[in-house]
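A.B. asks: I am attaching a structure below and will ask some questions about it afterwards.
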Amino acid sequence: MEATPDRLGIDPETLSRLSDKTDVSALLDRLDDLDARDLERLADGARPARPQRSPEPPPIDGDFYDVFADLTDEQKRVKQRVRSFMEETVAPQANEAWEEGVFPRDLIPAAGDLFADVMSDGYSFPPDDPIAVGLISYEMSRVDPSFCTFWGVHTGLSMGSLAMFGSEEQKEKYLRPMEDFEMIGSWALTEPKHGSDASRGLETTAVKRGDTWVLNGAKKWSGNATFADVNIIWARDTRDGNVKGFLVELGTEGYEVEKLPGKISKRAVENVLIEINDVEVPESNRLPGVEKFADVGLQLASCRAGVAWEAAGLAAGAYEKALEYCNERIQFGKRITSFQMVQDQLVRMLGKVTALQTFVMQLGRAEARDGYITPERASLAKVWCCDTMREVVSIARGLMGGNGILLEHDVARLFADAEAVYAYEGSREMNALIVGRGITGQSAFV
């Protein structure tokens, strides 16, 4: 109904005084636009509520301090190429692969094409450009940490062992087809009863008989091993007690691989239990560049630094996904990003992500400058980056309430996968003791 002086109960004298101060017709038109609730508020002396307008959120920027702005042109190209690959090719099936616990092997040819592109100057290990290689881990883990592990085991651990310790004949037979992803590699050090104490407690044995080595024992985890064409098996030579590396091909008699069930983290990584019963390996399949466990430690330091990059990328992915969700989530009639406590949590995450980015970039610069990374620096990176990553994913999951445990929003997967990143490449405690020994000169190992 139209607002009129008669309907509003305004007497002529009051109307005359009011007309001296304002445009009564315009006022009545404005009153006519108000709903019943606002008219009641006006009658009670309150100002009518103004409609809430939420501004459109700005683009999500996971690099708030432009940490990556000074990358070389090639590093920027590699970073963007991997990001596009992960978002366009891997992301669409990441949640399904995680839920089913099966690695999407149909992606292997595309991964080979990616490798050829981002490694256009040739493969090397330790990498000639550790920042570019770190950025690959960062971008992969930002979208799918399971795929990052597939890549890391193949290109870092397995191919890295061949590059560092293999003969020219071994490189020609194995490394070349692995660069084309025509042959996939795995790597096995940890055993069912030995993880942190593998350097001392390794039980898998190697006995030399003429030109043949006979291996016996068991291995655990060894990502990719269900379908890997070749696995780097680390075993203790019973003659001299030193750890040596052996190339064992899938299908070798006595080499039995069983997929590990019941995982809650990185489910698309096909981890395994391996039984090694009288496996015969020719001398030509022993890695000649390894004579003791310290040699393996040099490789692990570089790979451990890569895990720090992975932790940084995973944290960035969780932050970006949480912010995207909060931008879209409406509660109490407005975006939850307009709430103070939500903004506080987002800022906490962003600060930690920025710190992670600056940390791994300096780690990469140090490795590029020196040509290697020290075990102490690699271990500090693993400890601090994984601690901080866990804090970020916890905040991200919590911000999303109940939806934070659903795969459809991705953060639940990143939250769960962070536990594997935290756990592998040396436990937090062992890495802390490596750093502690380096800064105090005192060994606190058992």
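A.B. asks: Return only the number of the condition from (1) at pLDDT 95 or above; (2) more than 20 Å from the chain's Cα centre (by Cα) that Leu406 does not satisfy.
C.D. replies: For Leu406, the exception is condition (2).
A.B. asks: Across segment 122-147, what is the total count of residues that are over 24 Å from Pro104 (Cα atoms) and not β-branched (Val, Ile, Thr)? If you could, list the steps in order and put the result at the bottom.
C.D. replies: If we filter segment 122-147 for residues that are over 24 Å from Pro104 (Cα atoms), which is where we start, we get 122-132.
Subset that is not β-branched (Val, Ile, Thr): 122-130, 132.
Residues meeting the conditions: 10.
A.B. asks: Now a separate question. Consider Ala206 carefully, then state whether it is in contact with a Lys or Arg (Cβ under 7 Å, 6 or more places away or on another chain) and either aliphatic (A, V, I, L, M) or over 21 Å from Lys79 (Cα atoms) (or both).
C.D. replies: In short, yes.
A.B. asks: Return the residues of segment 145-175 that are of a type in the set (S, T, N, Q), buried (at least 24 other Cβ atoms within 10 Å of the Cβ) and more than 24 Å from Ser84 (Cα to Cα); say none if nothing qualifies.
C.D. replies: Listed by number, the residues that qualify are Ser158, Ser161.
A.B. asks: Testing Asp117 on (1) in contact (Cβ under 8 Å) with a residue 40 or more places away in the chain; (2) more than 26 Å from Cys386 (Cα to Cα), one condition comes back false. Which one is that?
C.D. replies: Unmet condition: (1).
A.B. asks: I'm trying to understand the selection: among the residues of segment 337-349, which are without any contact (Cβ under 8 Å) to a residue 12 or more places away in the chain and either farther than 17 Å from Glu56 by Cβ or surrounded by 14 or more Cβ atoms within 10 Å (Cβ to Cβ) (or both)?
C.D. replies: Phe339, Gln340, Met341, Asp344, Val347
A.B. asks: On to the next question. Quick test for you: out of Glu182, Glu203, pick the one residue that is in contact (Cβ under 8 Å) with a residue 24 or more places away in the chain, in contact with a strand residue (DSSP E or B) (Cβ under 6 Å, 6 or more places away or on another chain), outside any helix (DSSP H, G or I) and surrounded by fewer than 24 Cβ atoms within 10 Å (Cβ to Cβ).
C.D. replies: Glu203
Here's the yes/no breakdown for (1) among the small types (Gly, Ala, Ser); (2) at pLDDT 95 or above; (3) not assigned by TED's automatic domain parsing to the domain that holds Gln93:
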| site | (1), (2), (3) |
| --- | --- |
| Pro126 | no, no, no |
| Ala132 | yes, yes, no |
| Arg142 | no, yes, no |
| Pro145 | no, yes, no |
| Ser158 | yes, yes, no |
| Ala163 | yes, yes, no |
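A.B. asks: Which residues, taken from segment 219-254, are within 31 Å of the chain's Cα centre (by Cα), closer than 14 Å to Glu191 by Cα and part of a strand (DSSP E or B)?
C.D. replies: Answer for segment 219-254, where residues must be within 31 Å of the chain's Cα centre (by Cα), closer than 14 Å to Glu191 by Cα and part of a strand (DSSP E or B): Lys219, Lys220, Trp221, Ile232, Ile233, Trp234, Ala235, Val243.
A.B. asks: Now for a separate question. Taking only pairs six or more apart or across chains, which ones have beta-carbon atoms under 9 Å, a first residue in segment 258-284 that is free of Cβ contacts under 8 Å to residues at least 12 places away in the same chain and closer than 22 Å to Phe415 by Cα, and a second residue that is aliphatic (A, V, I, L, M) and surrounded by 14 or more Cβ atoms within 10 Å (Cβ to Cβ)?
C.D. replies: Taking only residues 6 or more apart or on different chains, not a single pair turns up.
A.B. asks: Which residue, of Gly306, Gly313, Gly245, is touching a strand residue (DSSP E or B) at 6+ places or on another chain (Cβ under 8 Å), crowded, with 24+ Cβ neighbours inside 10 Å, modelled with pLDDT of 95 or more and outside the structural domain of Ala91 (by TED's automatic domain parsing)?
C.D. replies: One residue alone meets the criteria, Gly245.
A.B. asks: Every residue in segment 306-342 that is closer than 23 Å to Val153 by Cβ and of a type in the set (Asp, Glu), please. Walk me through it before giving the result.
C.D. replies: Quick first cut of segment 306-342, residues closer than 23 Å to Val153 by Cβ only: 306-318.
Glu310 - this is the single residue of segment 306-342 that is closer than 23 Å to Val153 by Cβ and of a type in the set (Asp, Glu).
A.B. asks: Among the numbered conditions (1) in a strand (DSSP E or B); (2) buried (at least 21 other Cβ atoms within 10 Å of the Cβ), tell me where Asn216 comes up short.
C.D. replies: (2)
A.B. asks: Taking Trp187 and the conditions (1) part of a helix (DSSP H, G or I); (2) under 19 Å from Ala305 (Cβ atoms); (3) among the hydrophobic types (A, V, I, L, M, F, W, C); (4) touching a strand residue (DSSP E or B) at 6+ places or on another chain (Cβ under 8 Å), which numbered condition does it fall short on, given that it satisfies the others?
C.D. replies: Failing condition for Trp187: (1).
A.B. asks: Does Arg267 qualify as being part of a loop (DSSP other than H, G, I, E, B), within 25 Å of Arg428 (Cβ to Cβ) and modelled with pLDDT of 95 or more?
C.D. replies: Against the criterion (part of a loop (DSSP other than H, G, I, E, B), within 25 Å of Arg428 (Cβ to Cβ) and modelled with pLDDT of 95 or more), Arg267 qualifies.
A.B. asks: Return the residue satisfying two criteria in turn: it lies in segment 338-366 and is of a type in the set (D, E, K, R) and within 21 Å of the chain's Cα centre (by Cα), and of such residues it is farthest from Val296 (Cα to Cα).
C.D. replies: Arg348
The values are calculated or read from the model by the stated rules, or taken from the named source; none is laboratory data. Everything quoted here is computed from the prediction, not taken from an experiment. Every residue, glycine among them, receives a Cβ derived from its backbone with ideal geometry; neighbour counts consider all protein chains shown.
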